[in-house]
Structure formats: structure tokens, C-alpha cells
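Colleague: Before anything else, here's the structure in question.
Read-outs: derived from the displayed coordinates by stated rules, not from any lab. Note that the structure is a prediction, hence the values are computed from the model and not measured. Cβ placement follows ideal geometry from the backbone for every residue including glycine, while neighbour counts extend to all protein chains displayed.
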Amino acid sequence: MGRHRRLRCETVQPRGSPVVPRVPHPIESESYEILRRRVDTGGLGPLSRAVVERLVHTTADPTWAGDLLVDEQALAAGRQALADGAPVVTDVRMVAVGITSRPAMVVAETAGGVEEFVRKAPVGAVWAIGQDVSIVTELVASCRAGEIRPALVIALPAGFVGAVEAKRAVRELGVPALTNRGERGGAALATAAVNALLYL
């Protein structure tokens with residue numbers, strides 16, 4: 001896939017309300033207590049800890065704590081952007097509908113082209129890519145060309161072909177980013193990362 005792909009953007013409205021505070025279910029609270037006995041996140045900053053714990057909780061897999069590459073300043077930039085009303089741009093509806101308190105723009109293949117994809121992604125958006133490696137590749141190319149300036153790039157697509165390389169390319173951009181080292185990932189992980197920043 002290259003920059004010839006034809007794309008459009010669809011906005012998905014949130015299911016929850018940003019006004020109503022989120023109250024964790026007792027089972028969720030108990031799950032976090034168990035998680036914290038198994039995974040030591042005490043040395044992390046508050047944002048890094050929140051993101052790591054939420055992704056470990058989402059997967060019930062403590063090994064995610066060692067696979068994620070978190071940066072407190074990058075997450076702070078993303079959280080501030082969200083607090084200031086920055087849009088979330090994602091690659092699949094699954095991520096968009098999982099974000100409970102913020103509309104999300106979904107990039108989808110159809111008429112319009114990459115130009116529309118770039119034009120509809122405002123400066124300072126938070127990108128959450130959980131499935132489409134080629135969207136990550138196009139995002140990297142657009143950043144290198146100076147066409148977009150994300151506040152934060154959450155790049156967690158899974159795949160045996162190109163996923164590791166795409167995530168590495170994101171880290172090499174020098175933009176605020178959250179990625180992992182390996183081939184695993186997925187839409188649920190990207191959703192969890194955004195929600196971790198929104199819930200704080």
C-alpha cells in the first residue's frame with residue numbers, strides 16, 4: 001500500500017457523556033488490585049502507569065508492561081490535547097465506538113484520496129491506530145512531508161508483515177508516540193490507551 005490509497009473520514013459520536021464522571025465497576029476495581037500485585041508500575045509516571053495498567057487490564061496479559069514503550073512527556077502532550085478538545089483520528093470503527101466520551105474520526109477506504117484524509121485531520125489531533133499498518137505508514141509519510149502535526153500517535157497495530165517496522169518508523173519521527181516493540185497489538189489496545197488518558 002502507498003500514498004495512492006483513496007480514503008475518506010467518518011465521524012463517530014461518543015456513547016458516553018464527558019460530563020458524567022466514570023465510576024469503575026467493583027469487579028474492575030478488584031481486577032486492578034490483582035494486576036498491581038502482579039505488575040510493578042510504581043516506577044512509572046502517573047500517565048505511563050495509567051496507560052500500562054489499562055492495557056494490561058484489557059488483555060489480562062502482564063507481559064504488555066515490558067513490551068510497551070511509554071514516554072511520560074508524550075502522554076502528557078496527548079492528554080493536554082484531549083483536554084483542549086483535540087479530535088481523535090483512528091483507522092477503524094471499533095476504536096471509535098470504544099472511546100466513550102469523545103467523537104472520533106475514522107479513516108476509511110473510498111473516494112477522496114489521501115489529500116482528504118490529511119485535510120480532515122486537524123493540526124494537533126491524537127491518532128490511535130490499532131489495526132491498519134498501512135495507515136501508520138501513510139501517517140509517517142505525511143508527518144515527514146510536514147502535512148500533519150499530531151499531538152500524539154498511538155500506533156499499536158498487530159501483524160506479521162510490516163507492523164514492527166511501522167511502529168519503529170513512528171518512534172523515529174520524533175513526535176509524541178506510544179508504541180510497542182513487537183508484532184502484537186489491536187484495536188482494543190488503541191482504544192484502551194485513549195480511554196486511559198481521557199479517564200484521568
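Colleague: How would you order 27-37, 171-181 from highest to lowest mean count of nearby Cβ atoms within 10 Å?
Modeller: On the way: 27-37: 11.9, 171-181: 18.5.
Order by mean packing, descending: 171-181, 27-37.
Colleague: In nm, give the distance between the simple-model label positions of residue 161 and residue 80, each being 7 Å from the Cα along the Cα-to-Cβ direction.
Modeller: Result: 4.1 nm between the two label points.
Colleague: With bins 5 Å wide starting at 0, give me the P(r) of segment 43-85 over every alpha carbon pair, in whole percents.
Modeller: Calculated P(r), rounded to whole percents: 5, 24, 27, 22, 14, 6, 1.
Colleague: Another question, if that's okay. Report the calculated FRET efficiency for residue 73 and residue 200 (r = Cβ-Cβ distance, R0 = 22 Å), to the nearest 0.05.
Modeller: Details: r = 15 Å, r/R0 = 0.69.
E(calc), rounded to 0.05, equals 0.90.
Colleague: While we're on this one: Regarding segment 130-174, what is the average projected area of its C-alpha convex hull, in nm²? Write out the running numbers ahead of the final one.
Modeller: Working: hull surface 11.1 nm².
The orientation-averaged projected area of the Cα hull of segment 130-174 comes to 2.8 nm².
Colleague: A follow-up question, please. Fully extended, how many nm does the chain gain between residue 94 and residue 38 (0.36 nm per residue separation, minus their Cα-Cα distance)?
Modeller: Values: separation 56, 0.36 × 56 = 20.16 nm, distance 2.90 nm.
Length gained between residue 94 and residue 38: 17.3 nm.
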